[in-house]
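**Student:** Please see the structure below; I have some questions.
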Amino acid sequence: MILPRKSKYYVAAFALLGTLFSLAPLVIQWANYTSPIYAFENSFVVDKFSIILKGLFILITYLTFLLSINFIESDKYYQGEYYYLLLSSLLGALIVSSSRDLLTIFIGIELASTPMFLLSGWKKGDRKSNEGAIKFFLLGVLSASLILYGFSLLYGLSGELVFSNIASYLLSASLASSPVVLLSAILVISGIGFKISIVPFHSWAPDTYEGAPLPITAYLSVSSKATGFVALIILLTKVFAGSGSSWGIILVIISGLTMTLGNLVALQQNNPIRLLAYSSISQAGFILAPIAISGITGDYQDGIFASVTYLIIYAFMNLGAFLCVHLFSNYAGSSDFYEWGGVARKSPLAGVLTTIFFFSLAGIPPLGGWFAKFVVFRSLLGSANSIGVALGVVGAINAVIALVYYARISKVIWMDELKSVNEDKIFQFENPLKVVGVFTVLITFVSGIFPGIFSYLGEVSSIFFGN
Amino acid sequence: MELFTNGIGLSAVVFFPLISAFVITLIPKAQEQLIKRFALASSLITFVLSAILLFQFDFSSAEKLQLGNKISWIKSINANYEIGIDGISLPLLVLSTFITVLAIIYSLEHLPEPKSPKGFLALILVLETGMNGTFVALDLILFFVFFEIVLLPMYFMIGIWGDKTVRTVSGFKNQIETRLYASIKFFVFTLFGSAFMLLGFLGLYYRGNKTFSIPELIELGTSGAFTGTFATLVFAVLFLGFAVKVPMWPLHTWLPDAHTAAPTVGSVLLAAILLKLGSYGFVRIAIPILPEQAKAWAPAIAILSAIGIIYGSLACLAQTDLKRLIAFSSVGHMGFVMLGIASLTPIGINAAMIGMVAHGVITGLLFFLSGSMAHTYHTRDMGRLGGNMKLLPKTGALLGFTAMASLGLPGLAGFWGEFMALLGAYNPLDGLNTTVFRTSMVAGAIGTVLTAGYLLWMLQRVNLGEPSDEWSDKDLHDADIYELSAWIPLVILTVLIGVFPKLIFGATNDAVIAMLSKAFGG
């Protein structure tokens, strides 16, 4: 922001470099890792779990910047503030993944989501953008107050802020499965439920996604969601583990509803952004499922492994999907994807990318999405619990329903006739966007063909739960 | 030839087409000749590799899994890259590489609209990787991945190069092009089956010492590790996954649509190889791992197969569309294959194996011929065709020959599968309900009569008679060199298998007997 206006270009470059450099300490930490490091009286931790998630958040932000460069320059948007706000949100996400006390995690969650209220209304002249931002803001405030209320109950009960102290207090006072703690858990789930857009807290998502600038939508559907899930995983396993069987049931129902509702509504959409919004709601149901079951069975390690693996694969393939939507809606100048008939012929590269990302979201091997779905099914059936199996069946049916709308985009761009208005336009595929495409497609393929790279996560989630 | 004994040769057969497909995508679109030559060369190399496997394969111990390897793949879930072939998978693997070569030869000059050889040939090669991989995979997860890989190329083949006729489909408000409806229907049906199949695989994994290895699971299964409701449920979902692919009545409805809409080469590959993935799944996975359940389900499978045979033939009698008739005939023929499998006897399953190969060769050829005729006449309506022998003598003669083979004329390949399946059903495995099986056998026998009926009627309508006037001033091309070089090998193979069925039984017999004696004792 302190740079003069004419050097706006440097802002983007600086932000990109800064994010990239911030990966360096992570790599060093990973290389020199011996055991979890605690700071600030156990309220902040650096363990392998948090290092991996930090890496994920930084990469997502980096790719979002790349997506943004041309977009931001294409119109009179504020540049400095844009990058600054995104970086603030990143900082929040980084804090969440390491936080081990109520205050830190709350600050992290809010720091991650508050900048998004502004960014989602960045298209100032656009009514939809304003509407979406207002909705997002109002519900965001509500969600913050729900989380705070949940936390205040915990603090009131135990007088402690640090998770490990709260958990041991609840255990020693045999309050771990008391109604008050359960109420607190429900409040926290509801509050974070808004961030991760699970049913019935999902209603803001399609409107906000539609109104926000596209890179921000991508960031919202990936990073904000991941931040929310990480916070939820940490809170549920570190604080509320004792009442797992109660919130487990609630989450199982929510998860089944989220998958199904998201899918059924997505089937009706003709706007690609709204389609991806509902698809991301449905995907959230899949990410939630292993956590829900692990609450019932108490096998958190397997649940966390499945959810985090899903989150990582989902993040990259969904970013890729947004990239493709961005390319084609720019090209066809229409936000109704039925107008995109045959556009893949104008850019086979973008067409192939679209096909890969959308079928990966549908979970077709050998693309990464299949392994994500697979680990979820694995943890559901591994519970040897009839609820888990039932949720698995619901998931399997949903995977088939989802195929219908994921395949539809590929169908339109490859199989329909090219609209005459689109015949003479030149397809724009800028270099920063190509980087995003190549990077995400590589991850999508590698994670589908060599899912062995996720093996370390199994060990990591055991480290996470071991302390 | 050490390369072929440690699994590298087998892996090459699987992945060489995929690598070639990737290379093709890098060749500029304008270099059409280069693309075509490259695709042909790579499919030939793959076929040669599989032929070398044929010589490396030790037929004296065909029941053993050979030429394979096992490498750790996904450690965290104990899934391995485990491959190998035995007498059951070898004929199908060679069939797959062989048909792919012919499909590419045919495509050199006969590409469906919109031409674009680059995309089309690349998709065929990706498809080949999926098919070959399914036949060599010995790990359930690996099997699942290959089983699914075939979906995407076939979806795009039907959807992009398929039939553009507009039709009304119940449930759709507007009229829809056949190809669009058929492609998504094919995809959704198959995925529906395989999504549940995956749940079944996971069930086996958790009950079976956390392994996905098929040989290990067979050991566990035959020693009685899977019992009770659990085993019933797992067999049910595996059945669902495989039966959709076969397809068995009443899960067959995607097949006529997909076949009718697919481009010629797509229909050929679909009929010749893709349907076999389902019946192969029964022989390789469902029966040996869950023998008791297979026994319990066998009567039901036999009844469904018998219904499929009768239903397929009756539906054929009602068709006016040549391609759709052949598609329904597939339902009937695969009914014989499944009837053979359901009998759970060596003779029945050998019949199924030879039936699969014969159906691949014969129906593949029928789809080639009908596709080529549809291209020449611009119609598949049998009411308008007629006098084909006079208009296109070569194609007509081949059509006559293939129809005879398809109706099971002794001396040609189609005979053994039908005849022996009925024989197997007459005398099923001890303990199976003979009344059910003999009733199915009678139904099957009636089916053979009906099959002869509709094929001869089809020949009468298409090949014989006088050509209608609408063709008199048209310049109709008979089969050219590309078509003949794709078809003649299939004709030769039909005769060879018909005269020397030992070509197939020599490989399958020991493997089938070993599998059955392990599963059911004795």
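The values are calculated or read from the model by the stated rules, or taken from the named source; none is laboratory data. All values derive from a computational prediction rather than experimental measurement. Every residue, glycine among them, receives a Cβ derived from its backbone with ideal geometry; neighbour counts consider all protein chains shown.
**Student:** Of A:ALA350, A:ALA384, which residue is of a type outside the set (D, E, K, R) and either in a helix (DSSP H, G or I) or in contact (Cβ under 8 Å) with a residue 24 or more places away in the chain (or both)?
**Tutor:** Going through A:ALA350, A:ALA384 in turn, the sole match is A:ALA350.
**Student:** Would you pick out the residues in segment B:403-432 that are over 21 Å from the mean Cα position of the chain (by Cα), surrounded by fewer than 24 Cβ atoms within 10 Å (Cβ to Cβ) and farther than 30 Å from B:LEU385 by Cα?
**Tutor:** Of everything in segment B:403-432, those that are over 21 Å from the mean Cα position of the chain (by Cα), surrounded by fewer than 24 Cβ atoms within 10 Å (Cβ to Cβ) and farther than 30 Å from B:LEU385 by Cα turn out to be B:LEU423, B:TYR426, B:ASN427, B:LEU429, B:ASP430, B:GLY431, B:LEU432.
**Student:** It is to be established whether one or more residues within segment B:96-115 are assigned to a helix (DSSP H, G or I), more than 20 Å from the chain's Cα centre (by Cα) and away from chain A (no Cβ under 13 Å).
**Tutor:** Yes: segment B:96-115 contains one or more residues that are assigned to a helix (DSSP H, G or I), more than 20 Å from the chain's Cα centre (by Cα) and away from chain A (no Cβ under 13 Å).
**Student:** Turning to a different aspect of this structure: How many of the residues in segment B:386-402 are buried (at least 24 other Cβ atoms within 10 Å of the Cβ) and closer than 25 Å to B:VAL331 by Cα?
**Tutor:** Counting residues in segment B:386-402 that are buried (at least 24 other Cβ atoms within 10 Å of the Cβ) and closer than 25 Å to B:VAL331 by Cα gives 3.
**Student:** What are the residues in segment A:185-221 that are touching a Phe, Trp or Tyr at 6+ places or on another chain (Cβ under 8 Å), farther than 17 Å from A:GLY108 by Cβ and β-branched (Val, Ile, Thr), if any?
**Tutor:** Across segment A:185-221, the qualifying residues are A:ILE186, A:ILE189, A:THR208, A:ILE216, A:THR217.
**Student:** Please verify whether B:SER194 is buried (at least 23 other Cβ atoms within 10 Å of the Cβ), at the interface with another protein chain (Cβ under 9 Å from one of its Cβ atoms) and in contact (Cβ under 8 Å) with a residue 40 or more places away in the chain, treating the condition exactly as stated. Explain how you work it out, then say what you get.
**Tutor:** Working: buried (at least 23 other Cβ atoms within 10 Å of the Cβ): yes; at the interface with another protein chain (Cβ under 9 Å from one of its Cβ atoms): no; in contact (Cβ under 8 Å) with a residue 40 or more places away in the chain: yes.
The answer is no for B:SER194.
**Student:** Additional query: Against the definition (free of Cβ contacts under 8 Å to residues at least 60 places away in the same chain, in a helix (DSSP H, G or I) and surrounded by fewer than 20 Cβ atoms within 10 Å (Cβ to Cβ)), how does B:THR435 come out, yes or no?
**Tutor:** It is true that B:THR435 is free of Cβ contacts under 8 Å to residues at least 60 places away in the same chain, in a helix (DSSP H, G or I) and surrounded by fewer than 20 Cβ atoms within 10 Å (Cβ to Cβ).
**Student:** Could you grab me the full set of residues in segment B:122-142 that are closer than 26 Å to B:LYS29 by Cα, among the hydrophobic types (A, V, I, L, M, F, W, C) and more than 13 Å from every other protein chain (Cβ to nearest Cβ)?
**Tutor:** Within segment B:122-142, the first condition is being closer than 26 Å to B:LYS29 by Cα, and the residues that meet it are B:122-130.
Next, from what is left, pick out any that are among the hydrophobic types (A, V, I, L, M, F, W, C): B:122-127.
B:ILE124, B:LEU125, B:LEU127, listed by residue number.
**Student:** Could you run through segment A:285-303 and say how many residues are within 12 Å of A:VAL376 (Cβ to Cβ) and not aromatic (Phe, Trp, Tyr)?
**Tutor:** The qualifying residues number 11.
**Student:** Looking for whichever is facing chain A (nearest Cβ under 9 Å), β-branched (Val, Ile, Thr) and within 25 Å of B:ILE77 (Cα to Cα) here; the options are B:VAL145, B:VAL188. Which one fits? Write out each step before concluding.
**Tutor:** Details: B:VAL188 fails: within 25 Å of B:ILE77 (Cα to Cα).
Result of the check over B:VAL145, B:VAL188: B:VAL145.
**Student:** Quick check: anything in segment B:12-25 within 19 Å of B:PHE135 (Cα to Cα) and among the polar types (S, T, N, Q)?
**Tutor:** no
**Student:** Tell me which of these A:GLY395 doesn't satisfy, since it passes every other one: (1) surrounded by 21 or more Cβ atoms within 10 Å (Cβ to Cβ); (2) in contact with a helix residue (DSSP H, G or I) (Cβ under 6 Å, 6 or more places away or on another chain).
**Tutor:** (2)
**Student:** So which residues in segment A:355-408 are hydroxyl-bearing (Ser, Thr, Tyr) and at the interface with another protein chain (Cβ under 9 Å from one of its Cβ atoms)?
**Tutor:** A:THR355
**Student:** Could you grab me the full set of residues in segment A:98-112 that are among the small types (Gly, Ala, Ser) and either in contact with a Phe, Trp or Tyr (Cβ under 7 Å, 6 or more places away or on another chain) or modelled with pLDDT under 90 (or both)?
**Tutor:** Residues satisfying the conditions are A:SER98, A:SER99.
**Student:** Hey, does segment B:170-178 have a residue that's part of a helix (DSSP H, G or I) and more than 11 Å from every other protein chain (Cβ to nearest Cβ)?
**Tutor:** yes
**Student:** Only one of B:ASP510, B:ASP480, B:ASP473 is without any contact (Cβ under 8 Å) to a residue 40 or more places away in the chain and of a type in the set (Asp, Glu). Can you tell me which?
**Tutor:** Among B:ASP510, B:ASP480, B:ASP473, only B:ASP473 is without any contact (Cβ under 8 Å) to a residue 40 or more places away in the chain and of a type in the set (Asp, Glu).
**Student:** Now a separate question. Go through (1) within 14 Å of another protein chain (Cβ to nearest Cβ); (2) free of Cβ contacts under 8 Å to residues at least 40 places away in the same chain; (3) hydroxyl-bearing (Ser, Thr, Tyr) and name the single condition B:THR25 misses.
**Tutor:** The single condition B:THR25 does not satisfy is (2).
**Student:** Another question, then. Do we find a residue being more than 14 Å from chain A (Cβ to nearest Cβ) and of a type outside the set (A, V, I, L, M, F, W, C) anywhere in segment B:237-248? Spell out how you get there, then give the answer.
**Tutor:** Let us first name the residues in segment B:237-248 that are more than 14 Å from chain A (Cβ to nearest Cβ), namely B:239, B:242-243, B:245-248.
Checking which are of a type outside the set (A, V, I, L, M, F, W, C) leaves us with B:245, B:247.
Yes, there is a match, as at least one residue in segment B:237-248 is more than 14 Å from chain A (Cβ to nearest Cβ) and of a type outside the set (A, V, I, L, M, F, W, C).
Rundown of residues vs (1) surrounded by 24 or more Cβ atoms within 10 Å (Cβ to Cβ); (2) not small (Gly, Ala, Ser), yes/no style:
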position: A:GLY303; (1), (2): yes, no
position: A:SER307; (1), (2): yes, no
position: A:CYS324; (1), (2): yes, yes
position: A:SER329; (1), (2): no, no
position: A:LEU361; (1), (2): yes, yes
position: A:GLY369; (1), (2): yes, no
position: A:ALA372; (1), (2): yes, no
position: A:ALA399; (1), (2): yes, no
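**Student:** Go over the candidates A:SER383, A:SER461, A:SER420 one by one and state the one that is surrounded by fewer than 16 Cβ atoms within 10 Å (Cβ to Cβ), modelled with pLDDT under 85, farther than 22 Å from A:PRO365 by Cα and hydroxyl-bearing (Ser, Thr, Tyr). Let's see the steps before the verdict.
**Tutor:** Values: A:SER383 fails: surrounded by fewer than 16 Cβ atoms within 10 Å (Cβ to Cβ); A:SER461 fails: surrounded by fewer than 16 Cβ atoms within 10 Å (Cβ to Cβ).
Step by step, each of A:SER383, A:SER461, A:SER420 is checked, and only A:SER420 is surrounded by fewer than 16 Cβ atoms within 10 Å (Cβ to Cβ), modelled with pLDDT under 85, farther than 22 Å from A:PRO365 by Cα and hydroxyl-bearing (Ser, Thr, Tyr).
**Student:** A:ALA350 versus (1) under 30 Å from A:ASN431 (Cα atoms); (2) within 11 Å of chain B (Cβ to nearest Cβ); (3) modelled with pLDDT under 90: which is the lone unmet condition?
**Tutor:** Only one criterion is unmet by A:ALA350, namely (2).
**Student:** If you don't mind, another one. (1) surrounded by fewer than 24 Cβ atoms within 10 Å (Cβ to Cβ); (2) in contact (Cβ under 8 Å) with a residue 60 or more places away in the chain; (3) in a helix (DSSP H, G or I): which one isn't true of B:ASP163, the others all being true?
**Tutor:** Result: B:ASP163 fails condition (3) only.
**Student:** Considering only segment A:161-258, give the helices (runs of 4 or more DSSP H) lying wholly within it that have at least 1 residues that are under 24 Å from A:SER98 (Cβ atoms) and aliphatic (A, V, I, L, M).
**Tutor:** Once the helices (runs of 4 or more DSSP H) in segment A:161-258 are filtered for at least 1 residues that are under 24 Å from A:SER98 (Cβ atoms) and aliphatic (A, V, I, L, M), what remains is A:163-172, A:179-196, A:225-238.
**Student:** Cβ-Cβ under 6 Å, sequence separation 6+ or interchain: first residue in segment B:66-80 and more than 7 Å from every other protein chain (Cβ to nearest Cβ) and under 17 Å from A:GLY382 (Cα atoms), partner surrounded by fewer than 21 Cβ atoms within 10 Å (Cβ to Cβ) and basic (Lys, Arg). Which pairs?
**Tutor:** From segment B:66-80, the pairs are B:ASN78/B:LYS210.
**Student:** Let me ask something else about it. Looking at segment B:55-65, which of the residues that are hydrophobic (A, V, I, L, M, F, W, C) and surrounded by 15 or more Cβ atoms within 10 Å (Cβ to Cβ) is farthest from the other protein chains (Cβ to nearest Cβ)? Step through it out loud before you land on a result.
**Tutor:** At the first step, the residues of segment B:55-65 found to be hydrophobic (A, V, I, L, M, F, W, C) are B:55, B:57, B:59, B:62, B:65.
Going one step further and asking which of them are surrounded by 15 or more Cβ atoms within 10 Å (Cβ to Cβ), we end up with B:57, B:62, B:65.
On the way: B:PHE57: 28, B:ALA62: 30, B:LEU65: 23 Å.
The residue in question is B:ALA62.
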